[in-house]
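Report on one structure; see the data block that follows.
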Amino acid sequence: MKLNLERGLFRIWLLASIAWVGIVLSENAFEIGRYFGYHYELFSRAQSFRAALTEKNRMARISSLCREARDMSCRYEQVRCSATQLNLFPNDCTKKICDDDKYVSLAGALLQQNGLPDGDPKACNIFLNVHVPKLTWDGIFVLLGPILGPLLLWYTGRWVARGFRS
């Protein structure tokens, strides 16, 4: 009985790829569910794809501007720490102090400057924790790189080997 190396390696690659997709999907199930759930809700409320896309971009802008206003209205003060604590946990040695009145006025000004006059600055607290999910390229590369990389190397190696044979 002669071993068929090519078929065996292909089957190993296929099983490893299926296992990899399963691992990546299970590790990121929460993010994937949030992404599709957010978009399903958005599209079910909107009248059209264009309206849903406009609403998504508007929500992302408002959320970003509210976070920016919160960061601008806060200051950090040094808290008394031991030298060891300062070296090991430097974030524990600062205290974030935020001025709510300054925050509301900054949020209103930022929303006005960016063409969102209907955005309520007091409602910005709701938008601070709004996360508009995005699909990123690094996630796609993590999923597809280990699958397509070995396949690409295999076919490139075969092509080079055939070049030496002919």
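The values are calculated or read from the model by the stated rules, or taken from the named source; none is laboratory data. Since we're looking at a predicted model, the values are computed, not measured. Neighbour counts run over all protein chains shown; Cβ positions are idealised from the backbone, glycine included. When the accessible area is computed, the model is the full protein with side chains, heavy atoms only, and any ligands, DNA or RNA have been set aside. Shrake-Rupley method; radii C 1.70, N 1.55, O 1.52, S 1.80 Å.
Assorted remarks:
- Extent along principal axes [Cα atoms of the stretch 1-71; Å; largest to smallest]: 70, 35, 17
- Label-to-label distance for Glu31 and Leu3 is 3.8 nm, based on points extended 7 Å past Cα in the beta-carbon direction.
- Among the trypsin sites (Lys or Arg not before Pro) in the stretch 131-166, those placed in a DSSP loop whose Cβ has at most 10 other Cβ atoms within 10 Å are Lys134.
- Kirkwood hydrodynamic radius over Cα pairs of the chain, then Stokes diffusion coefficient at 10 °C and 1.306 mPa s, in µm²/s: 74 µm²/s
- Once the chain from Asp101 to Arg80 is taken as fully extended at 0.36 nm per residue, the excess over their C-alpha distance is 4.8 nm.
- In the context of the full set of protein chains, residues of the stretch 13-84 present 73 Å² of accessible surface per residue (probe radius 1.4 Å, heavy atoms only).
- Positive-pole candidate from Gly149, Leu3, Ala51, dipole of the chain, charges at beta carbon: Leu3
- Placing unit charges on the Cβ atoms only, positive for Lys and Arg and negative for Asp and Glu, gives the chain a dipole magnitude near 900 debye about its Cα centre.
- Taking label points 7 Å from Cα along the Cα-to-Cβ direction, Leu144 and Ile12 give a separation of 2.6 nm.
- Choice from Leu152, Leu143, Leu65 with maximal GNM fluctuation in the chain (Cα, 10 Å cutoff): Leu152
- Farthest towards the positive end of the charge dipole of the chain, among the residues Asn28, Leu106, Ser63, is the Cα of Asn28, using unit charges on the Cβ of Lys, Arg, Asp and Glu.
- Loop-resident trypsin sites (Lys or Arg not before Pro) (DSSP state other than H, G, I, E or B) in the stretch 21-81 with no more than 13 further Cβ atoms inside 10 Å of their Cβ: Arg80.
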